[in-house]
Amino acid sequence: MKKILEINDLKMIAKKNLPKMFYDYVDSGSYTESTYRDNENDFNKIKIRQRVGRDISSSKLEKTILGKKYKLPFGFSPCGMGGMLYPDGEILVAKACEENNIPYILSTMSICSIEQVAKETNNPFWFQLYVMKDKNFVENIIKRASDAKCYALVLTLDLPILAQRHKDIRNELSAPPRLTLNNILQIIQKPKWCFKMLSTSNRSFGNILGHVKGVDDLSSIVKWTDGQFDAGLSWDYVKWIRRLWKGPLILKGILDEGDVKIANNLDIQGIIISNHGGRQLDGTLSSIMALKNLKNKVNSNIEIFFDGGVRSGKDIVKALSLGAKGIFMGRPYLYGLGAFGQKGVEKVIEILIKELNTTLLLAGETDVNNLDQDNLY
Ligand SMILES: Cc1cc2nc3c(=O)[nH]c(=O)nc-3n(C[C@H](O)[C@H](O)[C@H](O)COP(=O)(O)O)c2cc1C
């Protein structure tokens with residue numbers, strides 16, 4: 001682990017460890033992947049001011065998010081299929097987040113279920129919900145999240161239909177993998193991964209399997225899920241969810257000023273400025289450019305969160321300076337998980353803390369809560 005110095009090191013190890021279909025699932029965007037690339041590259045267009053001659057002998061990284069004190073100003077975004085990268089992956093990520101007191105958002109499309117993650121942790125995680133046509137399923141899963149004491153509900157709005165990721169189609173991706181010749185060839189090249197995966201029975205979508213009538217095997221789950229994303233999604237749906245969920249409600253996938261204007265008039269507590277990590281509308285704005293546009297447009301009673309393209313502590317400093325209250329990441333922790341399980345996720349957090357702290361201090365600041373536009377050129 002000593003030679004692992006940056007997120008990219010863990011990415012390379014995950015690539016070596018994982019069957020191609022699962023590595024590709026993480027390291028891909030939709031269609032030409034231009035938005036996926038822009039998310040990372042556009043951070044380079046923003047420059048941090050270097051201030052000297054200030055007392056930087058201590059630093060403060062804590063942040064209060066949605067009324068709860070967290071140790072760090074960042075957390076982990078909801079990502080499907082973590083449990084296919086490492087056995088019981090989502091439980092391990094939740095444990096790493098709990099140990100570091102940072103927020104973790106569990107995905108609807110996780111392999112481990114809400115109940116399994118809740119059983120293994122004490123610190124309440126957040127839960128992400130996709131807009132689905134099956135209203136019984138939605139009502140039921142909101143109740144399950146509430147029973148599991150999830151702290152906040154994150155409603156993802158940027159997936160009313162599924163965009164295409166060419167790699168997933170070429171790889172015939174599913175969880176668990178369908179036994180096609182191509183998949184068998186990919187899997188047998190990673191015997192260590194196969195061996196590890198034998199240690200768990202969690203290999204399909206735990207929040208869905210057994211919770212929908214007639215959905216109890218791979219083919220029925222794939223068919224049900226494909227037909228569930230709701231192209232009829234409207235703001236009325238958000239109002240309906242608001243009535244069902246009593247805790248903090250966050251809308252994920254806001255990118256445009258027109259949508260911020262609508263969100264400003266809803267009873268919500270936060271938005272996540274996000275383009276789904278470049279996995280949905282290819283050709284749209286990078287997340288960081290959207291944050292730049294929107295930072296002064298969101299009502300002060302709504303907290304601004306951000307994800308997309310964050311790969312280092314300096315990116316966190318930039319997004320905080322642009323007005324985000326909490327910075328989230330998807331791929332970095334998935335790379336850590338695919339590389340070394342829980343230890344890999346902890347390594348990601350350790351790397352980010354060091355980079356964040358050094359960047360903050362060299363910018364002449366000592367408290368993440370003081371960062372603002374003045375820290376940028
Ligand atoms: C492999 C993978 C799976 C994802 N699954 C979900 C999901 O189930 N729900 C969701 O709202 N977003 C999902 N996302 C998007 C992330 O929540 C987040 O918006 C994105 O990863 C941020 O970009 P980053 O990976 O550059 O940090 C997924 C992203 C990845 C990479």
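Yes/no matrix, rows are residues, columns are (1) assigned to a helix (DSSP H, G or I); (2) closer than 30 Å to Ile102 by Cβ; (3) of a type in the set (D, E, K, R); (4) touching a Leu at 6+ places or on another chain (Cβ under 8 Å):
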residue	(1), (2), (3), (4)
Glu139	yes, yes, yes, yes
Cys150	no, yes, no, yes
Leu155	no, yes, no, yes
Leu162	no, yes, no, no
Arg170	yes, no, yes, no
Ser174	no, no, no, yes
Ile184	yes, no, no, no
Lys196	yes, yes, yes, no
Ser199	no, yes, no, no
**Request:** Assess whether Gly283 counts as being on the phi > 0 side of the Ramachandran plot and within 16 Å of the ligand (Cβ to nearest atom).
**Result:** no
**Message:** For region 236-265: of the residues being among the aliphatic types (A, V, I, L, M) and not in a helix (DSSP H, G or I), which is farthest from the ligand (Cβ to nearest atom)?
**Reply:** Leu249
**Asked** Which one of Tyr31, Tyr36, Tyr25 is closer than 22 Å to Met81 by Cβ, touching a Gly at 6+ places or on another chain (Cβ under 7 Å) and within 16 Å of the ligand (Cβ to nearest atom)?
**Response** Tyr36
**Prompt:** How many residues are within 20 Å of Gln269 (Cα to Cα), out of contact with any Phe, Trp or Tyr (no Cβ under 9 Å at 6 or more places or on another chain) and among the β-branched types (Val, Ile, Thr) if we restrict to region 53-79?
**Reply:** 0
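Which of the residues spanning region 104-135 are assigned to a helix (DSSP H, G or I) and either of a type in the set (Phe, Trp, Tyr) or within 10 Å of the ligand (Cβ to nearest atom) (or both)? Quick ask: steps written out before the conclusion?
Taking region 104-135 as the starting set, the residues that turn out to be assigned to a helix (DSSP H, G or I) are 114-120, 135.
Answer for region 104-135, where residues must be assigned to a helix (DSSP H, G or I) and either of a type in the set (Phe, Trp, Tyr) or within 10 Å of the ligand (Cβ to nearest atom) (or both): there is none.
Among the listed residues Leu320, Leu291, Leu255, identify the single one that is surrounded by 21 or more Cβ atoms within 10 Å (Cβ to Cβ) and either touching a His at 6+ places or on another chain (Cβ under 7 Å) or more than 26 Å from Pro160 (Cβ to Cβ) (or both). Give the steps one after another, and end with the answer.
Numbers: Leu291 fails: either touching a His at 6+ places or on another chain (Cβ under 7 Å) or more than 26 Å from Pro160 (Cβ to Cβ) (or both); Leu255 fails: either touching a His at 6+ places or on another chain (Cβ under 7 Å) or more than 26 Å from Pro160 (Cβ to Cβ) (or both).
Only one candidate passes the filter, namely Leu320.
Okay, residues lined up against (1) of a type in the set (A, V, I, L, M); (2) more than 23 Å from Lys45 (Cα to Cα):
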position	(1), (2)
Lys314	no, no
Phe340	no, yes
Gly344	no, yes
Glu350	no, yes
Ala363	yes, no
Val368	yes, no
**Message:** I need every pair where a residue in region 119-146 that is within 11 Å of Ala94 (Cα to Cα) has its Cβ under 6 Å from the Cβ of a residue that is among the aromatic types (Phe, Trp, Tyr) and crowded, with 21+ Cβ neighbours inside 10 Å, sequence separation at least 6 or different chains.
**Reply:** Phe125/Tyr104
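Does region 276-309 hold any residues that are hydroxyl-bearing (Ser, Thr, Tyr) and either under 14 Å from Asp259 (Cα atoms) or outside any loop (DSSP other than H, G, I, E, B) (or both), and which are they? Talk me through it step by step, then tell me what you get.
Quick first cut of region 276-309, residues hydroxyl-bearing (Ser, Thr, Tyr) only: 284, 286-287, 300.
Residue satisfying the conditions is Ser287 alone.
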**Prompt:** Restricting region 319-343 to residues that are near the ligand (Cβ under 10 Å from one of its atoms) and hydrophobic (A, V, I, L, M, F, W, C), which is farthest from Leu72 (Cα to Cα)?
**Reply:** Leu334
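Among the residues of region 93-103, write down those that are polar (S, T, N, Q) and assigned to a helix (DSSP H, G or I).
So the first thing to find is which residues in region 93-103 are polar (S, T, N, Q), and the list is 100-101.
Across region 93-103, the qualifying residue is only Asn100.
Taken together, the values in this text are just the output of simple stated rules run on the coordinates, not laboratory data. Just so you know, these numbers come straight off a predicted model, no measurement behind them. For neighbour counting, all protein chains shown are included, and Cβ atoms are generated from backbone atoms with ideal geometry for every residue, glycine included.
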